[in-house]
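Undergrad: Structure incoming, see below.
The values are calculated or read from the model by the stated rules, or taken from the named source; none is laboratory data. Predicted model, so just to flag it, every value in this text is computed and none were measured. Glycine gets a Cβ as well: all are built from the backbone with ideal geometry, and neighbour counts include every protein chain shown.
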Amino acid sequence: MNILVLIKEVPDMEKVKFDSEKGVVNRSSAESEINPFDMNALQSAIDIKNKYGADITVLTMGPLRAEKSLRDAYARGADNVVLMTDCRFSGADTCATSRTLSAGIKYLGTFDLIICGEKSVDGDTAQVGAEVAEFLDMPHAYYVENINSIDKTEIEVVIENICGSKQVRRMKLPALIGVTKNINLPKLPTVNRKLKSLEIDVEKISLDDLYEHIDADETGFKGSPTKIAKIVIPNPVERTGHIYKDDYVTFKEAIKKEIKSESTI
Amino acid sequence: MESKVIDKMISIVGKDYVIDDIEQKMSYFYDEIEHTMRPKANEDSIVVKPKDTDEISMIMKYANKNNLTVVIRGGGTGLSGACTPIRESIILSTERFNKIIEIDEDNMVAVLEAGVTLFQLLEELGKYEGTGFPVHPGDEGAQIGGMAVTNAGGARAVKHGVMRKHIQGMEVVLPNGEVLELGGKLLKNNAGYNLMQLIIGSEGTLAVVTKVVLKIYPKDKYSATIVAPFKNFNDASNAVLQILKSGVTPLAVEYQDKHLFVETAKMLGTEWQANEGNADLMIIISEKTEDLLYETCRQINDICIKNNSYETLFAGKKSEQDELLLIRSQHYEYIKDIIGHSFDTAVPVADIPAYLKDLKDLANEYNTFTNITAHIADGNIHSDIVLVDGEMPNYAEELKERIFKTCFKYNGTITGEHGIGKLRKKDLKLQKSETEINLMKGIKKLFDPNNILNPGTIFD
Amino acid sequence: MDEYKGILVIAEQNDNIIHKVSYELLNKGRELADELNVPLDCLLLGDDGIHVEELNYRGAETVYYMKSENFSKPEEYLYKQNIVKFIDENKPEIILIGATNFGRSIAPRIAAALKTGLTADCTELQIDDDNNFIQVRPAFSDNILAHIKTVTYPKMATIRYKEFDEAERNVDREINVVKIKPYMDKYDEVEIVQSFNENDVNITEAQIVVATGRAIKKKEDLKMIKDFANKVGGVIGASRALVDAGMIGSVYQVGYSGNRVKPKIYIACGISGAPQHLAGMKESETIIAINSDSSAPIFSIADYGYVGDIYEIIPNLIRDL
């Protein structure tokens, strides 16, 4: 079975700084890493591999430095890692990104299952997975919290919550799934594999490689139907509150009154 | 406490900063040692929160003149009961002493008021690209003044040593209220006895520390944590010795019994990932460059493999490393309800395997067991006596003494980092000669002739 | 692209009940439609027996009701095929979809099929002076607000639940329901084996939410928070940190990427107040915060705050309240 995992390299969100006066996001202080949600996607692939046997390819689109995240993916158990990198890919919104990734996937061959994470921590749109599924014309399921079974032709998954219900869904392969954090616990790589990952070749795909699958004006900034008009960094909201320290009794009485007026339920 | 003392305190620090309400005072009486080991606090004590050196000086003058006991309280994260007032005392809380006076990047020093917490310091240093402070006793609520007078250690002592190594200057208030400046930003300073070093580790018995000049360091940018599982403790220990000999210096090498790793992880809602082996090491490394980090990693890995380790695991992401560290540090939450008495003995690193075997044999002899965690590369072992049916067993005192004697067999010490406090006064006599203790007492008398500052700490 | 005209709200139903986000979209949709002077319509896919006239009462001019028993359980591919065909025929200029789980899953499929832009999780929609449709969305865990324009047609946006007020219900409005046949009634590649309501936890409906975060040291300690919640007649909520740590399920998560709540009283116990969390609760009527760090951002939005350790305070509150 061939599994493709889509990952995104994101800045470590705890270290990104936001300047509300200048309206700029400073990522320079932040290290890049694999989007935490994508770690669960990769682990799902590894779990399938361990149980049923599979060949795992990890694909990302980004600048050259994103190689680092792919090496990390290799360390954790990917068999092949591929970077789509080309300055003409840059400035892509989710639509252009999905179209480009889909072209890359077609270029790489056929896959039985595509796995992605629930969303990225920086963009938070959760759009790319479903869009890729559409561009490749395959069914998809989001919020997958368990894979009940998978074979050459079919996968059965549990969807955590859709329209207020849990759903067990069976899909013919090829299909795409977006997994939640609850599906597994991402495992640490071994030191041996980590050290080996520093020496592997990372396959690279440029726009020229994709001439059969995508036109230049369908990717990057040019191929993006949404444009950012401006960025605003909001100031935190303030309320004038009563803050108590040491004076437990006054605090207790104050909130007792508040709660009493509501506790008619 | 007499009302005239309270009135005097109010006149010095203001009404808001003198606390006599028992419910509010309660949180100022104890540190973090097990309830079963706590000295009993004198509940007539009051809490006073001065804001500056002048106020402290006035309090000390008044106390000295009227023979009132003063106990200094910092973050309350100690583990020897040193800050518990056993006589009726003025508890002098340094919580309002929380100003970061200066971060001097040119001389790489930080000038801090004593009540600045480690958390505050690290947060502030975060704003200065590339600076850091390495000593980390585990709880970031610890205050710098407290860390100084207890000579705090922690896991990173392997690479960075203990607090003593990093303090360059201090402002202190003597028991008679006089203010002294000791040391400063100077790197070399050989004028006379080093009284500052004497005060470091004095557990609040010689003077009130009000300011600290702390050395800060360029921060290692890259770090990783290796989990190395071994079949048995001897292999793990041999690996540690060889790592130390090889010239690579890890930031920390932590050991704890396998079941503590496994069960603590479970308690935290996660999973300990090293399935194989019975003796796991957590080796934390930090380096200036990524290449160096991986080179260190390779060397350590090779040594582990040579000593029959199972497949070693690599945590490179901050979140992964934080999780491992959390499993290491939260083990105490997992066992605290069953512990009656805990130890932090230290022995020379090479003697650890033999010492640990002795500890386990001793426990066996009493039909009990002991939980071991250790800063293994600096020889510091935490072990314990577990409760029997929720009660301290009747053999506890005897077992304790035998544990200490075992530790002396290897030229060890009864406390590697927690200090003597009020807890180990009796035990200190097992380790130190009368001559040595008498010298200490003489020093105490010189600083504090009326014995008003934290009496009954270290010795009676 | 003059052929694209009007605003279409794609409504959502769960087990034949119309999801309230649909009414919120109709409210905002009405504002935009009036400003642009275009019609506001609504499309709903579902089984027989849905009271779709309610959508008229809430302001939709025409309600298109596409009926099939195969729509009773949500499945993106089948829904998408039908919605895309509908859009191709009717050509609305702006399409609004609720950013519910289903909305977030199906909207990108529709957008990709239409090769058009989609802005996720908008918190505000505006028409600027040049009649451009501006979509405002937070990113970087709510730390920034991006103003986004779409240059293709139709322009699509998903909007978070509880971002806007529901449109007022007016039964005097004309009922205008157009029933349409599905273009595609069945999709053989996917089978819904089972669908069930597992838990009724819905913290978005609660009047009092007692939430906790990082300060909780271990799973068992959540009992203390639950006891407290029971005591005050509220439900328990959690910050992302706690959910990410696996200590509690994501249905309890309050925050930008979890549930947005607007209870009468929100009690934050040991939550420092990361922007991502504040985004999910800052509109609560009364906010009470307990935290050991007096400089925690949560205090800046709290009506009542107490600086102290939750492990000390909460047992006292359970006793005293």
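Undergrad: Quick check on the stretch C:285-303: of everything there that is buried (at least 22 other Cβ atoms within 10 Å of the Cβ) and not β-branched (Val, Ile, Thr), which residue is farthest from the chain's Cα centre (by Cα)?
TA: Filtering the stretch C:285-303 for residues that are buried (at least 22 other Cβ atoms within 10 Å of the Cβ) and not β-branched (Val, Ile, Thr), the one farthest from the chain's Cα centre (by Cα) comes out as C:Asn291.
Undergrad: Which ones in the stretch A:29-69 are under 30 Å from B:Thr131 (Cα atoms) and either touching a Gly at 6+ places or on another chain (Cβ under 8 Å) or of a type outside the set (D, E, K, R) (or both)?
TA: Taking the stretch A:29-69 and keeping what is under 30 Å from B:Thr131 (Cα atoms), we get A:29-36, A:63-69.
The answer is A:Ser29, A:Ala30, A:Ser32, A:Ile34, A:Asn35, A:Pro36, A:Pro63, A:Leu64, A:Ala66, A:Ser69.
Undergrad: With respect to the numbered conditions (1) closer than 22 Å to C:Gln207 by Cβ; (2) at the interface with chain A (Cβ under 10 Å from one of its Cβ atoms), which one is the sole condition not fulfilled by C:Pro275?
TA: C:Pro275 satisfies all of (1) closer than 22 Å to C:Gln207 by Cβ; (2) at the interface with chain A (Cβ under 10 Å from one of its Cβ atoms) except (1).
Undergrad: For residues that are in contact (Cβ under 8 Å) with a residue 12 or more places away in the chain and within 17 Å of C:Arg173 (Cα to Cα), scanning just the stretch C:32-42, find the one that is surrounded by the fewest Cβ atoms within 10 Å (Cβ to Cβ).
TA: C:Pro39
Undergrad: Within the set of pairs 6 or more residues apart or between chains, which connect a residue that is under 30 Å from B:Tyr294 (Cβ atoms) and within 7 Å of chain C (Cβ to nearest Cβ) inside the stretch A:164-192 to a residue that is surrounded by fewer than 19 Cβ atoms within 10 Å (Cβ to Cβ) and of a type in the set (Phe, Trp, Tyr) with Cβ atoms less than 6 Å apart?
TA: From the stretch A:164-192, no pairs qualify.
Undergrad: So, one more: Kindly evaluate C:Phe196 against the criterion of being modelled with pLDDT under 90, over 30 Å from C:Lys91 (Cβ atoms) and assigned by TED's automatic domain parsing to the domain that holds C:His51.
TA: Taking the combined requirement at face value, the residue does not satisfy it.
Undergrad: Further, regarding this structure: Go through the stretch B:33-88 and give me each residue that's among the β-branched types (Val, Ile, Thr) and not in a helix (DSSP H, G or I).
TA: If we filter the stretch B:33-88 for residues that are among the β-branched types (Val, Ile, Thr), which is where we start, we get B:33, B:36, B:46-48, B:53, B:56, B:59, B:69-72, B:77, B:84, B:86.
If the condition is that a residue be among the β-branched types (Val, Ile, Thr) and not in a helix (DSSP H, G or I), then B:Ile33, B:Ile46, B:Val47, B:Val48, B:Thr69, B:Val70, B:Val71, B:Ile72, B:Thr77, B:Thr84, B:Ile86 are the ones that fit.
Undergrad: Right, another one. Here is a list of conditions, (1) within 24 Å of A:Ala66 (Cβ to Cβ); (2) within 15 Å of the chain's Cα centre (by Cα); (3) of a type in the set (S, T, N, Q), and A:Asn192 meets all of them except one; can you say which number that is?
TA: (2)
Undergrad: Moving on to the next point. Could you please find all residues in the stretch C:71-91 being in contact with a helix residue (DSSP H, G or I) (Cβ under 9 Å, 6 or more places away or on another chain) and either more than 14 Å from chain A (Cβ to nearest Cβ) or in a helix (DSSP H, G or I) (or both)?
TA: Of everything in the stretch C:71-91, those that are in contact with a helix residue (DSSP H, G or I) (Cβ under 9 Å, 6 or more places away or on another chain) and either more than 14 Å from chain A (Cβ to nearest Cβ) or in a helix (DSSP H, G or I) (or both) turn out to be C:Phe71, C:Glu76, C:Tyr77, C:Leu78, C:Tyr79, C:Lys80, C:Gln81, C:Asn82, C:Ile83, C:Val84, C:Ile87, C:Asp88.
Undergrad: In the set B:Lys357, B:Lys405, which member is under 20 Å from B:Ala239 (Cα atoms), of a type in the set (Lys, Arg) and surrounded by fewer than 16 Cβ atoms within 10 Å (Cβ to Cβ)?
TA: B:Lys357
Undergrad: Residues of the stretch A:84-100 being farther than 17 Å from A:Ile114 by Cβ and not in a helix (DSSP H, G or I), which ones?
TA: Scanning the stretch A:84-100 gives A:Thr85, A:Asp86, A:Ser90, A:Gly91, A:Ala92, A:Asp93.
Undergrad: Right, next: Within the stretch C:185-201, is even one residue over 28 Å from C:Arg260 (Cα atoms), of a type in the set (Lys, Arg) and more than 10 Å from chain A (Cβ to nearest Cβ)?
TA: Yes, there is a match, as at least one residue in the stretch C:185-201 is over 28 Å from C:Arg260 (Cα atoms), of a type in the set (Lys, Arg) and more than 10 Å from chain A (Cβ to nearest Cβ).
Undergrad: Still on this structure, please answer the following. Could you check the stretch C:136-158 and list, in sequence order, the residues that are under 21 Å from A:Val121 (Cβ atoms) and more than 7 Å from chain A (Cβ to nearest Cβ)?
TA: C:Val136, C:Arg137, C:Pro138, C:Asp142, C:Thr158, listed by residue number.
Undergrad: Additional query: Looking at (1) modelled with pLDDT of 95 or more; (2) within 11 Å of chain C (Cβ to nearest Cβ), can you tell me which one A:Ile231 breaks?
TA: For A:Ile231, the exception is condition (1).
Undergrad: Take the stretch B:260-312 and flag every residue that is at the interface with another protein chain (Cβ under 9 Å from one of its Cβ atoms), of a type in the set (Asp, Glu) and surrounded by 17 or more Cβ atoms within 10 Å (Cβ to Cβ).
TA: Once the filter is applied, which keeps residues that are at the interface with another protein chain (Cβ under 9 Å from one of its Cβ atoms), of a type in the set (Asp, Glu) and surrounded by 17 or more Cβ atoms within 10 Å (Cβ to Cβ), the stretch B:260-312 yields only B:Glu311.
Undergrad: Looking at (1) surrounded by fewer than 23 Cβ atoms within 10 Å (Cβ to Cβ); (2) free of Cβ contacts under 8 Å to residues at least 40 places away in the same chain; (3) over 22 Å from A:Asn161 (Cβ atoms), find the lone condition where C:Ala241 falls short.
TA: Of the numbered conditions (1) surrounded by fewer than 23 Cβ atoms within 10 Å (Cβ to Cβ); (2) free of Cβ contacts under 8 Å to residues at least 40 places away in the same chain; (3) over 22 Å from A:Asn161 (Cβ atoms), the odd one out for C:Ala241 is (3).
Undergrad: Now for a separate question. Taking strands (runs of 3 or more DSSP E) that do not extend beyond the stretch C:106-212, which have at least 2 residues that are in contact with a Leu (Cβ under 7 Å, 6 or more places away or on another chain) and either surrounded by 14 or more Cβ atoms within 10 Å (Cβ to Cβ) or aromatic (Phe, Trp, Tyr) (or both)?
TA: Qualifying strands (runs of 3 or more DSSP E): C:124-127, C:133-139, C:155-159.
Undergrad: Here is a follow-up. Consider A:Lys106 against the criteria (1) away from chain C (no Cβ under 14 Å); (2) out of contact with any His (no Cβ under 7 Å at 6 or more places or on another chain): it satisfies all of them except one. Which criterion is unmet?
TA: The number of the failed condition is (2).
Undergrad: Residue check, C:Tyr4 against (1) hydroxyl-bearing (Ser, Thr, Tyr); (2) under 18 Å from C:Ile87 (Cα atoms); (3) in a helix (DSSP H, G or I), all met but one. Which one?
TA: Answer for C:Tyr4: the failing condition is (3).
Undergrad: If you don't mind, there's one more thing I want to ask. Can you confirm whether B:Gln321 is in contact (Cβ under 8 Å) with a residue 24 or more places away in the chain, under 22 Å from C:Lys219 (Cα atoms) and not aromatic (Phe, Trp, Tyr)?
TA: yes
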